[in-house]
Amino acid sequence: MAIATVVAAVIAGLISVVALTLTKEQKTSEFRQAWIDGLRSDLADYLAAARAMARVIEEAAAFGDKYAALPFTIPPDQVGEIRRNVAVSLYRIKLRLNPDEKEHQELLRLLGSVSETQKQAVSAPLERTAAMLQAVETAADYSRPILKAEWRRVKAGEPQFRLVRNWLVPVVFALCAFFAWLIVSVKIAA
């Protein structure tokens, strides 16, 4: 009967380790998914605001003094808010990305290129607006695989979870089967 108690304690311990690992993995996945959603939202805000800013510069340069009278333009008082949104979104993105990861470095470089072309467009609007819009699109295109890779990481699970799922759970079941066989063998022999 002592062996049954030891077996039950070992099984209970292994099950608690598995449960703890799975719980932690679930929480880590939730945090990572929130990070992905936040980054996606910040990228959308940044790229939309940068695109709107490019259009403001383009239309103001194309229509000159007539710009304010056009029915489809962004009022000058809202331009300041758009510029603020560009800056706030960019810094949120910078704070979310890992500067040590190659893909993140490249995305930051592309987003910096958007900001740089915007600065240049203010001084030479018609010549630089196309480059600014292209920089926005390039940054948007580059961000998609990063978000996809992070989603794959969430889907696959953290390394500890994969270890538990792929190795520890089967070992626990094998040990349970072994101990059950051992208990049955001891009872039959007795």
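Numbers for the structure displayed
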{"read-out": "Solvent-accessible area per residue for the chain (1.4 angstrom probe, square angstrom)", "value": "62 Å²"}
{"read-out": "Additional length obtainable on full extension of the chain from Ala149 to Ala174, 0.36 nm per residue less Cα span", "value": "5.6 nm"}
{"read-out": "Accessible carbon and sulfur surface of segment 28-108 relative to its total accessible area, %, 1.4 Å", "value": "55 percent"}
{"read-out": "At R0 = 25 Å, FRET efficiency that the Cβ-Cβ distance of Tyr142 and Phe31 yields, to 0.05", "value": "0.55"}
{"read-out": "Gain in span if fully extended, Val10 to Thr23, counting 0.36 nm per residue against the direct Cα distance", "value": "2.7 nm"}
{"read-out": "Relative contact order, percent, the chain [alpha-carbon distance under 8 Å, six or more residues apart]", "value": "33 percent"}
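The values are calculated or read from the model by the stated rules, or taken from the named source; none is laboratory data. Remember, predicted model here, so these are calculated numbers, not experimental data. Neighbour counts run over all protein chains shown; Cβ positions are idealised from the backbone, glycine included. Note: areas computed on protein heavy atoms with side chains; ligands, DNA, RNA excluded. Shrake-Rupley method; radii C 1.70, N 1.55, O 1.52, S 1.80 Å.
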